[in-house]
Structure formats: structure tokens, C-alpha cells
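Novice: I am attaching a structure below and will ask some questions about it afterwards.
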Amino acid sequence: MSNPYQPFKAKILNISDETPNIRTFVLEPEQEVRFLAGQFVELTVPGFGEAPFTPSSSQFERDRIEITIMKVGRATTALFKLGAGDMVGIRGPYGNPYPLNKFEGKEIFIVGGGVGLAPLRALFLALAHEINKYKKIYLRYGARSPKDIVYKKLIPEWKKMKGVDLDLSVDVGDETWKGKVGVVTILLKEIPCDLKNSVAVVCGPPVMMKFVTRRLLEIGFPDDMIYLSMEKNMSCGLGQCGHCRLGPYFTCKDGPVLTWDQIKDIKDPF
Ligand SMILES: Cc1cc2nc3c(=O)[nH]c(=O)nc-3n(C[C@H](O)[C@H](O)[C@H](O)COP(=O)(O)OP(=O)(O)OC[C@H]3O[C@@H](n4cnc5c(N)ncnc54)[C@H](O)[C@@H]3O)c2cc1C
Ligand code: FES
């Protein structure tokens, strides 16, 4: 039987800078990784260990996979020293994806913060692939400053798409910034969705998830219509080690996508 912890090789085809500490890596795995938006993979940096990441590319693209990564510690610092042509390891996909079948016919209200837009990009691309199945896609995104905005080249294209309503804010502006200034919840003062027929999807730093969830509840989103990406500490990714426990859940298997209804009774879920 094959070893489920054994990664297979993936070649780095291209690396692009998104922000001073976030890059998108385009990988060509030697075996196809058939992920669905919201699922994650374990990426190995040879000699430095592995870490979980959610692909940011379209689930419909088969021969390559993009992952947008923020440099924070040991594995990511080592990864940022690699270049095109270098090899990494990959295993997965793991966890539960966004239940797109439950989103059909609805308005999808997506809220991202910082590098949290990466998994949401995979979701956005999956929705955009079959856009007629959904009533409307709202995307609200907050970054620390204009230079911390990821996908700067893609966002203007997304903005022009039919059926998409996109708005951005930065915590702190600069002389180049003509848009909104304030934490992402300023974009949630008014939520133009029909709450009887909408789902909300949130991914970002824990404090952002907490305040965005609070606002969504305040405005009347039902508990089971708020989908959250719970990126807890993970190790095996296979439901074996218990590192990723969140109340009764193993976020690697039961998540990372969980609804507020599932986690609302857990003490400090974020
Ligand atoms: C399911 C899942 C999906 C994820 N998807 C992505 C993704 O698409 N893109 C991405 O960039 N990251 C993602 N992450 C987070 C990513 O796994 C971590 O940033 C990574 O494990 C850090 O590894 P490291 O060895 O570089 O840092 P470590 O050496 O393990 O950590 C070094 C220090 O950085 C801190 N740290 C760790 N993670 C973060 C963080 N996310 N933000 C701020 N500080 C942190 C730690 O607390 C520690 O102090 C995901 C995590 C999970 C669980
Ligand atoms: S990461 Fe090991 S049980 Fe979830």
C-alpha cells in the first residue's frame, strides 16, 4: 500500500511577487492534484519540512496548480529562497471543499482579508467558471495597505465581470490610494444581498474572521449560511495526529471549511 505521508514531486514553473511578503508559486506536479476549491495540500520544502496551503488557482485547471504564500517562518522562508525550476513536494488534497452545489441559485457574499484572498480566489474562479448557476457574486477584500493587496492585476478584471460586485479597502492608505480606508468591516456597513437567498464565505486572519462573522450575524445571515475557513495548526492532514482539533472537529478532515452553525458553541473558535 502506498504511504499517504509520502509527497510526490512538483516543479516550480514560475513565481510572482504579490506583495513584499506574499508570492504566488505556479507548480507542475508530477501527478495530478484534483482539488476542489477550499481543500488544502501539504507542501514540502526539501530539508525544511512541510506546511499546509490552499491552492489559489481554478479547480478546473488540471496540469498546474497555483499557491499564494505569505512568508512567516521556517518553511515559507526556505520556500522564498527557491526559484523557477526547483522542486518541492506536494501531497493531498485534504479536507472539505466549499459545497458549491448548495450555493447554486444564491447570492454569494465573499469576504477576504490579507492572504486570505488566496483560497477565496480558487472559490471565485470556480464560481466564475459557471457564473450562470449563481445569482450574484459579491467580493469584499481588505488589506493592510495598498502595497499589501494581492492579485493587483486580476482585481480590475474581476471588477468588470458581469454578475460580480467587488469592493476593496485598506487599513491605512497612501498617496497612490484613491479607494476606501478602514478595516474590512467598513465594507459591510451595507450588505446588498437578499438574506433569504444568500451565503457568506469568509477567510482571513482570526481577528478579521471574528469581527466579520459578528457583523454578518448582526445583519441577519443565518448561522448555517456563514462558511468560514478554519486554518488551525495542522500536521498530518489525515485526521491522525490531533494537532488541528477544534472542539469536536479535526479541521483537516471536517474542515477547513466549517459553518458558523457548526462552531458557534466552541469557546474562542477563532
Ligand atoms: C488549511 C490551511 C490552509 C492554509 N493556506 C494558506 C495559504 O493559502 N497561504 C498562506 O500563506 N498560508 C496558508 N496557511 C498558513 C500556512 O500553513 C502557515 O503560514 C505555514 O504553515 C507557516 O509555516 P512556516 O514553517 O513558514 O512558519 P512556522 O515556522 O511554522 O511559524 C513561524 C511563526 O510564524 C507564525 N505564523 C505561522 N503561520 C502564520 C500565519 N498564517 N500568519 C502569521 N503568522 C503565522 C507562527 O505563529 C510562528 O510564530 C494555511 C494554513 C492551513 C491550516
Ligand atoms: S492535522 Fe493531524 S489530525 Fe488534523
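What follows is calculated from the coordinates using simple rules that are stated; it is not laboratory data. Bear in mind that the values here come from a model prediction, so they are computed numbers and not experimental data. Note that each Cβ is placed from the backbone with ideal geometry, even for glycine, and that neighbours are counted across all protein chains shown.
Novice: Give the peptides 214-220, 2-8 in descending order of average Cβ contacts within 10 Å, highest first.
Specialist: 214-220, 2-8
Novice: Take every Cα-Cα pair in the chain and report what % of them are more than 32 Å apart.
Specialist: Every Cα pair in the chain considered, those over 32 Å come to 20 percent.
Novice: In whole Hz, what ³J(HN,Hα) sequence does the range 121-138 give by Karplus (6.51, -1.76, 1.60; θ = phi - 60°), x for Gly and Pro?
Specialist: Calculated HN-Hα couplings, in order: 5, 4, 5, 4, 5, 5, 5, 5, 4, 10, 4, 5, 6, 10, 6, 6, 10, 9 Hz.
Novice: How large is Rg/Rh for the range 137-177, to two decimals, with Cα atoms and a Kirkwood Rh?
Specialist: Looking at the range 137-177, the ratio lands at 0.99.
Novice: Now a separate question. When V26, V172, V33 are ordered from fewest to most other Cβ atoms inside 10 Å of their Cβ, what list results?
Specialist: V172, V26, V33
Novice: Further, regarding this structure: Find how many whole Å separate the alpha carbon centroid of the range 156-201 from the alpha carbon centroid of the range 217-265.
Specialist: Using only Cα atoms, the two centres lie 25 Å from each other.
Novice: Please report, to two decimal places, log10 I(q)/I(0) for the range 8-94 at q = 0.16, 0.17, 0.21, 0.26 Å⁻¹ as given by the Debye formula with identical point scatterers on the Cα atoms and no solvent.
Specialist: For the requested q values the scattering log ratios are -0.53, -0.61, -0.97, -1.55.
Novice: Long-range amide H contacts for D171: which residues qualify at under 5 Å (H placed 1.01 Å from N, peptide plane, sequence gap of 5 or more or a different chain)?
Specialist: Long-range HN contacts for D171: A143, R144, S145, G182.
Novice: Right, another one. Please report, largest first and rounded to whole Å, the three semi-axes of the ellipsoid equivalent to the range 100-229, where each semi-axis is the square root of five times an eigenvalue of the C-alpha gyration tensor.
Specialist: 22, 17, 12
Novice: Based solely on its DSSP helices, what 222 nm [θ] is calculated for the chain when runs of n ≥ 4 H residues each add -39,500 (n - 2.57) and the sum is averaged over all residues, nearest 500 deg cm²/dmol?
Specialist: Calculated from helices alone, the mean residue ellipticity at 222 nm is -5000 deg cm²/dmol.
Novice: Projected onto the charge dipole of the chain (+1 at Lys/Arg Cβ, -1 at Asp/Glu Cβ, origin at the Cα centre), which of G179, T68, F53 gives the Cα projection farthest towards the positive end?
Specialist: Result: G179, furthest along the dipole toward the positive end.
Novice: Give me the net charge of G105's neighbourhood, meaning all other residues with Cβ under 13 Å from the Cβ of G105; Lys, Arg count +1, Asp, Glu -1.
Specialist: +2
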